Amino acid sequence: MERRFGSLGCAVLLLATTVAAQEVSVEEVMLDNGMTVLLLPRPGDPNVAAGWVAKVGSVYERPGITGVAHLFEHMMFKGTSTIGTRNIEQDLQLIAQLDQVKANIRAEETDLLEAHRLGQIDDPNDPARRSIRHRELLEEFDVLLAEQEELIIKEDFSRIYSGQGASAMNAGTSYDYTIYFVNVPANKLELWFWLESDRLLNPVFREFYSERDVVHEERRMRTDSTPTGKFQEQFDALFWQSSPYSWPVVGWPSDLEGITREEALSFFELYYAPNNLTAALVGDFDPSEARMLAERYFGRLQASDRPPPQPRTREMPQLGEKRMTAYADTNPQVEIRYHSVPDGHVDEPPLVVLGQILNGRTGRLYRSLVEEQEVATSASGGQSGMKFEGMFSLAGVAKDGRTPEEVEQALYSEIERLKTQLIEPRELQKVKNQNAASNFRGLRSNFGLMNQLLVREAWRGWATINTDPALYDAVTAEDVMRVANTYFNPENRAVAIYYRQESDEAPDARLVGLDDAEQQQVRQMMNMMSQMSADQLAQFAAQVEQMVAQVPPENQDMAEVLIEIVRERQVAAGSAR
Amino acid sequence: MRCRYCAPMAWIALAVLLVAPGFAEAQTIPAHPTDLTYDLLDFTPPTSAEHRYELSNGVVVFVVEDHELPLVSVSLLVRTGSYLDPADKVGLASLTGGQMRAGGTTSMSAADFDEQAAFLAAQIGSSIGGTSGGANLGCLTKDLQVCLDLFFDMLRNPGFDAGRFALAKSQSIQQMQRRNDATRGIEGREFGRLMRGSDHFSTSPRTRATVEAITRDDMRAFHRRYYHPGNFIFAVSGDVDTEMMLSELERRLDGWAVVSDPVPTVPKPAFTPEPGLYLVDKPDVNQGRVSLGHLGTTRDDPDRYKLLVMNDILGGGGFSARLLTRVRSDEGLAYSASSSFGVGVYYPGVFQAGFQSRSETVARATAIVLEEIERIRTEPVQEEELRNSIGYFVETFSRNFSSAGSTAGLFANDEYTGRDPSYLTSYRDNIAAVTAADVLEVAQRYLDPRKLAILVVGNLEAILAGDPEQPEFSLEDLSLGAVVRIPLPEPFTMVYPVP
């Protein structure tokens, strides 16, 4: 199969080490109503990767409606006044009735929630606690639902797509954006325009309450029932103080329980107006036909006269180190996070390059922590820039017999090296070579390219696909050292330590005879010790020995364990007497 | 049955567009998407024969050129697999595959090899899976020669560095510690054992003892035994010239003896799954994971197109399939619910349906899945469901060839598994010919609720207590076989405690 050339127009210069970046020539169409459409024809494979982005995600929410952006994404598959129903008038009437009954049920639930808050009952959802009125309302709700079932054509939207050979149809919500995507056969492009413009123009949020249950299950699957999901969520909330990145995209359970259909609707009106939307097509299509279809279909959307509100609350500067200790079904490990910069900040390219210097099989972390020191089985680090904030995280899993605290110290040593010594020219060139190659690799799949254009569009505009590579290529060793010194400071970080929950959570068998409070104290001191220099350790050992003489008899066993550990650490640090 | 992927109406629409270019703008938007008309999708798949070459030593090479980006990809399939692991050295094949890449070569240290590859931004990999081995190279066109040097040095002269090997063994053993951590992992492992027994290679776990027993000499011998051109199939794609690539491979394989020692065939499992309810307790999660299944069929089964459509309607077809519609859209009981009907290459695959639901509603969701399995066996599917399913398979057929890499890979895989490529020519017609009566017939013949093993992993206390809102559903009442509790094994020995 000899494929025809696409329109990427890549200019390959055979320089000694680096190849020149490609130019992705996208045609940008602005409709009268403010919607942007990006066109990138690429003949060959007779398919079109098609998608659109709404520049809204969970950071546009507020407490009380966390999770609404994601819940809303689910609702966009529930049909319109044409799709998904046998009789739209009756359907709308039933939806209004259901909302009314739901409001009455909510009033009943308020009493139970209050009783639960005051500790009078254990379970606010216990059916036995419900009033007669509450039970009647629930029955009424079920009767209405059953009536509506008769009108609904289930999953009509996805069925129409898949019956016409559309594949990979789905959507995704993140902190900053929501993307809806599908692959359509080249001859079905108009179907995409029809269905996507229809659900933006005439959405009907039916099955709202059962879809909320689905989102609950999604939360259970991704967060609650994975070994570290719920701890990572807590760590996010610990790391971000004032920023909306502190809550999970899927939302807090109590908010999911309470969000109403009206709240979802008003969210839609604010953020799904055409001036907040960009569509992208990549694949086998005729651009003049696509322009015409875009105007005919998306041109129907009503322009909005107000710009969508943007998140206002910025993260407060962190004043002191934060730490979290967790016991989970996982191997002992550590994650360290520093507040850094958002996507597109002038310091982002050096931070990204710094992460690349650390990562991979030939990166510094693997070489040092895994191969030379044998303290970790894996280690990684990297910059994540979101739209409004950013962070740099480092992580490592302790090798058997080593502690997460030791991995933490080893990670700090690597950071210290970056702060005080310039990276080698060959290291830097290696990263640049890899970036040049991965820029090409990122263009291979139409679907990946469509997705990349939309994400970039939600952040700083699609054109950064052409302008960013030069910024990364310009990073110097001095830039890397400068950002290491700017962001990697103890008061700017949060640290999560994970131990395995079970009997082996504390690797020290010596702690077995101690009670819980004593064990906790010894672990804390072990944490402290692991951050001490040899001299500090010697000082600490002297203090502990003095202390041992004074502790009350009931704490004697703890003191002895402590002294034993201190001596061991001194041997390890090469400072034992 | 008319041809589903031809749309005669489209020709008329096309003709109108050609004659009157201004007409399209004046068109109104149809009231419903079913009123849209489409041009004919004129897709003729590339054939295996036009990309297939044989080197002078008999090695088969597929080349698919694509010059849009300055990237080349070389994949190698090797006739080997972990089914060849000795019983006391489970893990040998997998370690050999990984250490070929990680352990340097006889003339280059592991660190130097890694550094060279990384500096060139070359992606070089090697691995051995259950029934095949493989290696791959991805690089920029300008670096092709030096990258091929590295790639073939790895294939021919792996160094199996002692330090890297010790590290890989210790990582493999430490990883065992995680075996009982995630319910997803536990579910996969135990469902495999329920379907295949515990003696088959596909369910034989490596243990601390089997990994510790493996030596560098074992890896060298394994490599020598299976890595030679007689066991190779290449798939090359991207920015290359076919003639150049063929002579390049010819030259690089020169002098590498083709051994005619046949590789043992893949063993079939000698096990019949036992129906029943199997329970694994994982108290600290609030969602249960459920898999139901029994044996499927083989890839050469003449009913496979009917089975494909049947399973698509039942649970394979994502959002529009019955399982997801009932369990998720109707009842809000799960985020995902699906089924697959396995057609194995070497022995029958597995029919599996599964979902995740909060502990209280596991029984109710299980009842719905069983109901749907029963329904597709007793009622013919609706004409619209059938039409949509056929439309999906016919219209997504071209996705198999969406890139030069996927095209070359598909052909190479079929060559490796001995599949006659003519199935690609008749695929769309075979799918389009499936009728509602066919679907009913294969559902009755291939699905058997009485044979289902039902596996549940989660907080058993909450799961067995059921839903106070709907107390009529009980998991224990749903199974037709025994109720068996499976304990968690000791992760390093994989010995299951006797209750």
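The values are calculated or read from the model by the stated rules, or taken from the named source; none is laboratory data. Since the model is a prediction, treat every value here as computed from it, not as a measurement. Please note: Cβ atoms are built from the backbone with ideal geometry, for glycine as well, and neighbour counts cover all protein chains shown. Note: accessible area is taken over every heavy atom of the protein model, side chains too, but ligands, DNA and RNA are not part of it. Shrake-Rupley method; radii C 1.70, N 1.55, O 1.52, S 1.80 Å.
A compact table of results
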item: Whole-angstrom gap from the stretch A:398-417 to the stretch A:185-217, using each part's C-alpha centre; result: 48
item: Virtual spin-label span in nm between B:Phe271 and A:Ile563, 7 Å along Cα→Cβ; result: 5.7
item: Considering only chain A, percent of DSSP beta bridges that pair antiparallel, nearest 5; result: 80
item: Radius of gyration and maximum dimension Dmax of the stretch B:49-253, Cα, Å; result: 18.5, 52
item: Top positive-direction residue, dipole computed over the stretch A:86-151 with Cβ charges, set A:Ile95, A:Asn125, A:Val143; result: A:Asn125
item: Cut-off under 5 Å, modelled amide H: who pairs with B:Gly344 long-range; result: B:Thr297, B:Thr298, B:Arg299, B:Gly349
item: Heavy atoms of B:Asp300 accessible to a 1.4 Å probe, total area in Å² rounded to 10; result: 120
item: Accessible-area order (highest first, 1.4 angstrom probe) of the listed residues A:Ile336, A:Ile160; result: A:Ile160, A:Ile336
item: D (Stokes-Einstein, µm²/s), Kirkwood Cα radius, chain A, 0.890 mPa s at 25 °C; result: 89
item: Accessible area buried, both sides summed, chains B and A with 1.4 Å probe, Å²; result: 7800
item: Per residue Cα convex hull volume in Å³ - calculated over the stretch A:327-424; result: 108
item: Compactness index (Cα Rg / 2.2 N^0.38 Å), the stretch B:401-499; result: 1.82
item: Span per principal axis, largest first, for the Cα atoms of the stretch A:175-260 (Å); result: 49, 27, 27
item: Under 14 Å from the Cα of A:Lys419 - aspartates and glutamates, other chains or at least 8 residues apart; result: A:Glu478, A:Asp479
item: Approximate spin-label separation B:Tyr346-B:Tyr53, in nm, with each point projected 7 Å along Cα-to-Cβ; result: 3.1
item: Dipole of the protein assembly as shown, positive end: most advanced residue of A:Ala410, B:Met245, B:Ile368 [Cβ charges, Cα centre]; result: B:Met245
item: At 1.002 mPa s and 20 °C, Stokes diffusion of the protein assembly as shown via Kirkwood alpha-carbon radius, µm² per second; result: 67
item: Solvent exposure, largest accessible area first (probe 1.4 Å, DNA, RNA and ligands not counted), of A:Phe157, B:Phe393; result: B:Phe393, A:Phe157
item: Assigned charges on the beta-carbon of Lys, Arg, Asp, Glu; the stretch A:322-496 dipole about Cα centre (debye); result: 380
item: Antiparallel %, DSSP beta bridges [both residues in the protein assembly as shown], to 5; result: 75
item: Local electrostatic count at B:Glu490 - Lys and Arg +1, Asp and Glu -1, tallied over other residues with Cβ under 11 Å; result: +2
item: Estimated [θ] at 222 nm from DSSP helical runs (n ≥ 4, -39500 (n - 2.57)) normalised by residues in chain B, nearest 500; result: -11500 deg cm²/dmol
item: Degrees between helix A:261-271 axis and first principal axis of chain A (Cα, 0 to 90, nearest 10); result: 90
item: Spatial extent of the stretch A:119-159: Rg and Dmax, with the Cα atoms as the point set, Å; result: 16.0, 48
item: Isotropically averaged projected area of the stretch A:322-496, using the convex hull of Cα atoms (one quarter of hull area), nm²; result: 10.9
item: Heavy atoms of B:Asp161: accessible area, 1.4 Å probe, square angstrom to 10; result: 60
item: Surface accessible to a 1.4 Å probe, A:Glu150 within the full protein complex, Å²; result: 130
item: Å² per residue, accessible surface of the protein assembly as shown at 1.4 Å; result: 41
item: Chain A: relative contact order in percent, alpha carbon pairs under 8 Å with at least 6 residues between; result: 19
item: Positive-end residue of A:Gly401, A:Ser266, B:Gly98, charge dipole of the protein assembly as shown with Cβ unit charges; result: B:Gly98
item: Residues of type lysines that A:Lys102 reaches as a straight line, Cα spacing below 18 Å, ignoring anything fewer than 8 places off in the same chain; result: none
item: Distance in nm between pseudo-label sites at A:Gln521 and A:Asp236 (7 Å out along the Cβ direction from Cα); result: 3.8
item: Percent of Cα-Cα distances greater than 15 Å, calculated over the stretch A:233-326; result: 77
item: Calculated on alpha-carbon atoms, Rg and Dmax of the stretch A:275-332 in Å; result: 23.7, 59
item: Residues A:Asp111 and B:Leu480, FRET efficiency given R0 of 35 Å [Cβ-Cβ distance, rounded to 0.05]; result: 0.20
item: Whole-number percent relative contact order across the stretch A:86-151, with pairs defined as alpha carbons under 8 Å at least 6 apart; result: 49
item: Stretch gain in nm, segment A:Glu136-A:Leu471, where the contour uses 0.36 nm per residue and the Cα spacing is subtracted; result: 114.1 nm
item: Net length gained if the chain between A:Leu319 and A:Ala146 were fully extended (0.36 nm per residue, minus Cα distance); result: 56.7 nm
item: Heavy-atom SASA rank of A:Arg117, A:Arg441, B:Arg79 (probe 1.4 Å, accessible area, largest first); result: A:Arg117, B:Arg79, A:Arg441
item: With Cα atoms, 0 to 90° folded angle of helix A:348-358 axis to chain A main axis; result: 50
item: Calculated SAXS-style log₁₀ I(q)/I(0) at q = 0.17 Å⁻¹ - the stretch A:80-197, Debye, Cα scatterers; result: -0.93
item: Chain A: angle of helix A:208-219 to the longest principal axis, Cα-based, in degrees nearest 10; result: 30
item: Karplus-derived 3J(HN,Hα), 6.51/-1.76/1.60, for each residue of the stretch B:452-468, Hz, glycine and proline x; result: 6, 8, 10, 10, 10, 10, x, 6, 5, 4, 5, 5, 6, 5, x, 9, x
item: Relative contact order for the stretch A:43-163, counting Cα pairs under 8 Å that sit 6 or more residues apart, in percent; result: 34
item: Neighbour net charge for B:Pro33 - beta-carbon separation under 13 angstrom, K R +1, D E -1; result: -2
item: Dipole magnitude (debye, nearest 20) for the protein assembly as shown, charges at Cβ of Lys, Arg, Asp, Glu; result: 1960
item: Angstrom value of the Kirkwood radius, inverse mean 1/r, which spans all Cα pairs in the stretch A:86-151; result: 13.0
item: Counted charge near A:Ala395, where neighbours are those whose Cβ lies closer than 12 Å (Asp, Glu -1; Lys, Arg +1); result: -1
